[in-house]
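Q: Got a structure for you, questions after.
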Amino acid sequence: TSSKIKVDLDNSNGIAVMKFDNPPVNSMSLDFLTEFSINLEKLELDKSCRGVILTSAQPRIFSAGLDIMDMYGTSPEHCGAFWKAVQDMWLKLYGYSKITIAAINGASPAGGCLMALCCDYRIMADDPRYSIGLNETQLGIVAPFWFKDTLLNTVGHRTTELSLQMGIMYHAHEALKIGLVDQLVPEGKVLSTAVETLGTWLAVPGHAREISKSMMRKPTVDKLLANKEADIKNFVSFITKDSIQKSLGMYLAALKKKKA
Ligand code: CO8
């Protein structure tokens, strides 16, 4: 299988850039998620790496989120394995010891937004065509508690309530306003700004920063760790329901119709 993620570690500054390269929309399939977690693990163990930037090699799209085809018309066994890969991605990234920055150079719905939210800092392309958010309810599905927690920890209770119930996708400017992203820059500067920003984070004493990060995030991570199996069971029984499969089917049809 060919690689869906390109990793480039600059040994002069310790900054690794992970570029998603899973055309057409960088959907997070089981293969993609597995490759992502392996790469992240390798970089965490690599002493020469000090921070990681996540970005996209595809034009206009950071990531379309979880691959709907892994959840639509697949077996309960497949759904379970897929969900475990989503959990493992989140556990690794949200609890990551090193500095992570999302360089969001395109659309970032659902799982794409989740991945960006797991980073320490988010820089987004200043382009009204790009939007970001947890839009799960629009697909007739429910973002699980740890997706909710990740958003809640970033934008607060009221915004999370509105955001999740309505399944809101925020345009870049709105995302900045509610604190879903930290900074907007012209598209051509997203990656260079991420590198510069990572430099300023690297200037902070690493051990103190790392403990501070863990202090903020560990309770949230521990909540899923304590409920991993139950969360998988829950997902499988929910996603394989006829009514939910029907919703996903309708959503997929609408995606294709939009194009025609
Ligand atoms: N999974 C699988 N296929 C996808 C996905 C996806 N997430 N997104 C797009 N595609 C497919 C499209 O169907 C289309 O296929 P085809 O070529 O066969 O028609 C192809 O990719 C290209 O898509 P578009 O033509 O729409 O490309 P555009 O460049 O016009 O738009 C977007 C790109 C903005 C990314 C657009 O495709 C889009 O909005 N996609 C949907 C994104 C979305 O809603 N993702 C949600 C996924 S669910 C999730 O991440 C969390 C689930 C939590 C589960 C909780 C359950 C309990």
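Q: If you scan the stretch 66-88, which residues turn out to be more than 8 Å from the ligand (Cβ to nearest atom) and in a loop (DSSP other than H, G, I, E, B)?
A: TYR72, GLY73, THR74, SER75
Q: Taking the stretch 109-159 as the region of interest, how many residues are more than 12 Å from the ligand (Cβ to nearest atom) and part of a strand (DSSP E or B)?
A: Selection size over the stretch 109-159: 5.
Q: While we're here: Return only the number of the condition from (1) open to solvent by 30 Å² or more (accessible area, probe 1.4 Å); (2) over 24 Å from GLU187 (Cα atoms); (3) touching a Ser or Thr at 6+ places or on another chain (Cβ under 9 Å); (4) more than 13 Å from the ligand (Cβ to nearest atom) that LEU9 does not satisfy.
A: (2)
Q: Can you list residue pairs whose Cβ atoms sit under 9 Å apart, with the first residue in the stretch 112-123 being under 17 Å from SER192 (Cβ atoms) and open to solvent by 10 Å² or more (accessible area, probe 1.4 Å) and the second being more than 16 Å from the ligand (Cβ to nearest atom) and part of a helix (DSSP H, G or I)? Count only pairs 6 or more apart in sequence or on different chains.
A: TYR121/ALA194; TYR121/THR197; TYR121/LEU198; TYR121/TRP201; ARG122/THR154
Q: Quick check on SER63: is it part of a strand (DSSP E or B) and near the ligand (Cβ under 9 Å from one of its atoms)?
A: It is false that SER63 is part of a strand (DSSP E or B) and near the ligand (Cβ under 9 Å from one of its atoms).
Q: Answer yes or no as to whether SER48 is free of Cβ contacts under 8 Å to residues at least 12 places away in the same chain and part of a loop (DSSP other than H, G, I, E, B).
A: No: the conditions fail for SER48.
Q: For residues that are in contact with a Phe, Trp or Tyr (Cβ under 8 Å, 6 or more places away or on another chain) and over 27 Å from ILE239 (Cα atoms), scanning just the stretch 134-175, find the one that is least open to solvent (accessible area, probe 1.4 Å).
A: So, considering only residues that are in contact with a Phe, Trp or Tyr (Cβ under 8 Å, 6 or more places away or on another chain) and over 27 Å from ILE239 (Cα atoms), the one least open to solvent (accessible area, probe 1.4 Å) is ALA172.
Q: A further question on this structure: Just wondering, is there one or more residues in the stretch 42-58 that are of a type in the set (Gly, Ala, Ser) and under 23 Å from ALA143 (Cα atoms)?
A: no
Q: If you check every pair at least six apart or on different chains, which have Cβ atoms under 8 Å apart with a residue in the stretch 147-169 that is touching a residue at least 24 places away in the same chain (Cβ under 8 Å) first and a residue that is open to solvent by less than 80 Å² (accessible area, probe 1.4 Å) and of a type in the set (D, E, K, R) second?
A: That search, which allows pairs on different chains as well, returns PHE147/GLU136; ASN153/ARG217; LEU164/GLU136; LEU164/LYS148; GLY167/GLU136.
Q: Continuing with this model, one more query. Among the residues of the stretch 176-207 satisfying the criterion of being closer than 11 Å to TYR121 by Cα and among the hydrophobic types (A, V, I, L, M, F, W, C), which is most open to solvent (accessible area, probe 1.4 Å)?
A: Checked the stretch 176-207; the qualifying residue most open to solvent (accessible area, probe 1.4 Å) is TRP201.
Q: So CYS79 ticks every box in (1) under 13 Å from the mean Cα position of the chain (by Cα); (2) open to solvent by less than 10 Å² (accessible area, probe 1.4 Å) but one. Which box is left unticked?
A: With (1) under 13 Å from the mean Cα position of the chain (by Cα); (2) open to solvent by less than 10 Å² (accessible area, probe 1.4 Å) applied to CYS79, the lone miss is (1).
Q: Within the stretch 208-251, how many residues turn out to be surrounded by 14 or more Cβ atoms within 10 Å (Cβ to Cβ), within 16 Å of the ligand (Cβ to nearest atom) and among the hydroxyl-bearing types (Ser, Thr, Tyr)?
A: Looking only at that region, the number is 3.
The values are calculated or read from the model by the stated rules, or taken from the named source; none is laboratory data. Just so it is clear, the structure is predicted and the values come from calculations on it, not from any experiment. Glycine also receives a Cβ, built like all others from the backbone with ideal geometry; neighbour counts cover every protein chain displayed. For accessibility, only protein heavy atoms count, side chains too; no ligands or nucleic acids. Shrake-Rupley method; radii C 1.70, N 1.55, O 1.52, S 1.80 Å.
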